[in-house]
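**Student:** Okay, here's the structure, questions in a sec.
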Amino acid sequence: MMRAFGMKALAAAALALLCALQALALLRTPPAWLPAMIEVRLAPGAELVLGRAELAAPQAGKRQLRLRRDANGAWFVSSSDGVQTIGVERGTERTRSGSRVVRAGQHVQLGAVHYRFTAASDGLVAFSDGAHSWDYDGALVRRDGATLAACPGSGPGARLLGLWNRWAPRALTVARPLRFGGNLSCGTQVGNAGAAPGSAQLGFEDGSPVLTAASGVERAPLLAFDDGPPHDLALAEQALAGVDALTVGRTRLLAKVESDTLRLQPTRRVALFQEARAELPLGVRWHWQRRDAWAWPPAVGWCLTGGAALGLLGAMLAGRTRWRKDVPGAANLGMNIMLAIAGLGLLLAQRGGSVLGVVPSLLLCWAALWCALAGRRTGAVLTLGVLLLAAGLLLQLELGIGAPDTSWLRHFQKTAAAATFGLGLAGVATALLARAQAPGQARVELLLLLLAGAALGALLLQVGWGNETGVFDLQPVEFAKLALTILTAHCIALGLGRGEAGNDARGGAFLRWLRLAAPALLFIVLLAVALVQVDDYSPLILLLVWGAAMLLAWSCAARKAAPALVVMALACTCLLALAVLRGAAPGEVAAWRFYGERFGVWLDPGAHPHTGQQLLLGAQAIAGGGWSGADGLFGLAALGHGAPDALVIPAVQDDFAPSFLLQRHGLAAGLLLWTLQALFLGALLLAARRAWQLGAAARDYRLAWLGRFRCFALCGGAAFVFGHFLLSWGTNLAFFPIMGQPMSFLSAGGSHLLFFIFPLLAFGTAGVPIIEESSSCRSTSNTKP
């Protein structure tokens, strides 16, 4: 017991140090100013071109937004040069400049080719270019009634998707946009020798066919023939009447027209200034406001109030029923309920555009971290997870307050909200799981069936309506990894328990299919999503690591040496292949059809300064950090200050967060983080070993199954976390080509935290005994005569 309390005291000291560093970073943050409102005044018949400087939009063009008033005083907006588009919102309608809804009878010209649309309805567009007739249904393109073959050089994902769309029912096909340009008609591309590939695009939005002109410097003009003379669709004007918001770059501007004044309110990715002063053209005026670290939207206040009330109610109910003799446990349960509801409210408020200030977000996250650490059932898994999460919050906070615009703090606020919600929910789940009885096999397999169905449905939802970044700002792949781990653990636990009373009962063919085929089916779907939707090989490597680890765990449990030797041989083969590939010629590797270009960039990034900038900038940041950070004081002198060198690295808040850590705090901090990560993986494996021992010693077959199930679920979770650590460090340190996997705990929070990490923490903590109860039981037994 003294050893456990000593470890908890050491963890509390480490968490206090991390919280102090976060507070110090906030205290040292210099004041920043941003425009609260932008007023634009125009006389009738006048026009004005605005850009990033006038709109405080960092990613907008230098001259992107053209505003014009006609002789009657009506306002119009358009892209000034067609290089960058403008988003337009009217209620629930979302459109972009350079796009139009296609109607039958319309006529457009791209290069020297004229296209006339003969039919345009919900789900089908037909047009002709004079030589051929084409029809497009959202998934397939047919020329003269024949489906186009896949384009040469297409990856396996694109070819698999094309075959699926060709043979699947219409309701199950995956939408793919039709693109105009290039010398070859193939796949979903209509060839046009006078235009570059992708010069125009046709797709369905809310059931309506929409034609969009490409943006960019080298675009070919897409001429639309309406009632008047032909005009470039990318430069077409839209009336501002009824427009609620405009988007330039990644900055959203709420719009309101009042006679001769247009009021624009920046609400997302707004540039920050050290002083409330800027040089503006005539007719443009800014109303300044100071960045408020204590911002408290009303909706969040109501969520916190409701969460506190429900938390207290939960504590009272718990104290009057099952927790009557465990008042501290009831209080902790109530606190976790309150934190979970508060965190959910923060996530929903951010989704709706109301962002809580950085100080309240940090205070709520501190409460969640300390509540998790102070729990009576906190074991090594949760303790180390809390420390890793606090380190990731410090890194995201430094990125946010050191950035020149407001968007970077959203990553910290999202991570803090996810941590508050996830730790609170994990605390509630831990308390419930710890006091739950071992369920029957029928109930378990029904729950697993629902879990598998939800995971498969979410993956199909991403394939049908999402992209490689997810669907509805969520990543179903993370939930699918959790479901795959749990299903596989259940199957292995049943397989190793053959002959037990519960496993001898026949549950019917359907349940036997669930036991054997559900994990394999989910694994195949995950592979298909990785190939089709993401077209990336990093999920394949992640699944390969997980599969090898699960095979090794099963071989150890079943006392079979052959599978373990296969895993060892596979690991040695991968290392040998990596060494051979490292010495290959970049030109030969770049000619490979599957990710050859990315391997070529990895082998010789200097020869690819554009595509290899992520690797080059990351390596430059790591080299600048050295052992003690860029400031020579392990990042202490740089707390609260800007980070311009690291912010230029693409995806530095996600995939390349370790590069910023090594640049700001040095390699010594990186070694400390590696130690924490290794201890976390070791704690998961020790918890799995403890669960296996409890299952082996149990006399009830249900408890024996539960022990084996917890063991392999923790092994599977540890395998996935190890895969994330391996791929992320290997990418940042250039051991592997860029693979695009976030680092658990360190990268910006989101689906990986909510759908995988926090359930894993709850599962790893549920079997931890209560120290006080164990101690009292031992003292009582020692006093017996």
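**Student:** Any chance you could look up the accessible area of Arg170 with a 1.4 Å probe, heavy atoms only, rounded to 10 Å²?
**Tutor:** 130
**Student:** How long is the gain from Trp674 to Arg250 if the chain were fully straight, where each residue apart is worth 0.36 nm and the alpha carbon distance is subtracted? All intermediate terms of the calculation are to be shown ahead of the outcome.
**Tutor:** Working: separation 424, 0.36 × 424 = 152.64 nm, distance 3.51 nm.
Working it through step by step, the gained length comes to 149.1 nm.
**Student:** So how far apart, in nm, are the two label points at Thr118 and Ala241 if each is 7 Å from Cα heading toward Cβ?
**Tutor:** 3.8
**Student:** Another question about this same structure. Solvent-accessible area of Met7, probe 1.4 Å, all protein chains present, reported in Å² to the nearest ten, please.
**Tutor:** Roughly 120 Å² of Met7 is accessible to a 1.4 Å probe.
**Student:** At 7 Å along Cα-to-Cβ for each site, give me the label-to-label distance between Leu17 and Trp627 in nm.
**Tutor:** 1.8
**Student:** In terms of modelled amide H atoms, which long-range or inter-chain residues lie less than 5 Å from the amide H of Ala46?
**Tutor:** It is Arg69, by chain and number.
**Student:** What dipole magnitude, in Debye to the nearest 20, does region 1-145 give about its Cα centre under +1 on Lys/Arg Cβ and -1 on Asp/Glu Cβ? It would help to have the intermediate numbers written out before the result.
**Tutor:** Details: 18 positive and 12 negative charges, 121 e Å.
For region 1-145, the charge dipole is close to 580 debye.
**Student:** For region 360-437 and region 185-203, write down the distance between their C-alpha centroids in whole Å.
**Tutor:** 47
**Student:** If the only charges are +1 at each Lys and Arg Cβ and -1 at each Asp and Glu Cβ, what is the size of the charge dipole of region 64-154 around the Cα centre, to the nearest 20 debye? Don't skip to the end; give the middle numbers.
**Tutor:** Working: 11 positive and 9 negative charges, 67 e Å.
The dipole of region 64-154 has a size of about 320 debye.
**Student:** Another one. At R0 = 60 Å, how high is the FRET efficiency between Lys62 and Leu544 if r is their beta carbon distance? Nearest 0.05 is fine. Don't skip to the answer; put the middle values down first.
**Tutor:** Values: r = 46 Å, r/R0 = 0.77.
Computed FRET efficiency for Lys62 and Leu544: 0.85.
**Student:** Viscosity 0.890 mPa s, temperature 25 °C: give me the Stokes-Einstein translational D for region 201-261 in µm²/s, with Rh taken as the Kirkwood radius over C-alpha pairs. Could the numbers behind the result be given before it?
**Tutor:** Details: Rh = 14.4 Å.
So the translational diffusion coefficient is about 170 µm²/s.
**Student:** Between Cys574 and Ala36, what length in nm is gained on full extension when 0.36 nm per residue of separation is reduced by their alpha carbon distance?
**Tutor:** Details: separation 538, 0.36 × 538 = 193.68 nm, distance 5.48 nm.
Taking Cys574 through Ala36 to full extension adds about 188.2 nm, to one decimal.
**Student:** Another one. Kindly write out, for region 257-265 in residue order, the coupling ³J(HN,Hα) from the Karplus curve 6.51 cos²θ - 1.76 cosθ + 1.60 (θ = phi - 60°), rounded to whole Hz, with x marking Gly and Pro.
**Tutor:** 9, 10, 6, 8, 10, 10, 9, 10, 10
**Student:** Round to the nearest 10 and report in Å² the accessible area of Lys256, as given by a 1.4 Å probe over the protein chains' heavy atoms.
**Tutor:** Answer for Lys256: close to 120 Å² accessible.
**Student:** Using a cut-off of 14 Å between beta-carbons, work out the net charge of the residues near Ala241 (Lys and Arg +1, Asp and Glu -1, Ala241 not included). Before the final figure, lay out the partial values.
**Tutor:** On the way: positive: Arg68, Arg69, Arg90, Lys256; negative: Asp70, Glu89, Glu93, Glu237, Asp244, Glu258.
Once positives and negatives cancel, what remains is -2.
**Student:** Given a Förster distance of 45 Å, report the FRET efficiency between Asp206 and Gln613 from their Cβ-Cβ distance, rounded to the nearest 0.05. Write down the numbers at each step before the final one.
**Tutor:** Values: r = 37 Å, r/R0 = 0.81.
With a Förster radius of 45 Å, E is 0.80.
**Student:** Sorted by accessible area (1.4 Å probe), largest first, how do Arg116, Arg291 line up?
**Tutor:** On the way: Arg116 120, Arg291 60 Å².
Descending order: Arg116, Arg291.
**Student:** Now, a different point. Can you pull the three principal axis extents for the Cα set of region 1-71, in Å, largest first?
**Tutor:** For region 1-71, the Cα extents along the three principal axes come out at 84, 19, 18 Å.
The values are calculated or read from the model by the stated rules, or taken from the named source; none is laboratory data. The shown structure was predicted, so the numbers you read here are calculated from the model rather than taken from an experiment. Because the Cβ atoms are built from the backbone with ideal geometry, glycine has one as well, and the counts that use them run over all protein chains shown. These accessible areas exclude ligands, DNA and RNA; they are computed on the full protein's heavy atoms, side chains included. Shrake-Rupley method; radii C 1.70, N 1.55, O 1.52, S 1.80 Å.
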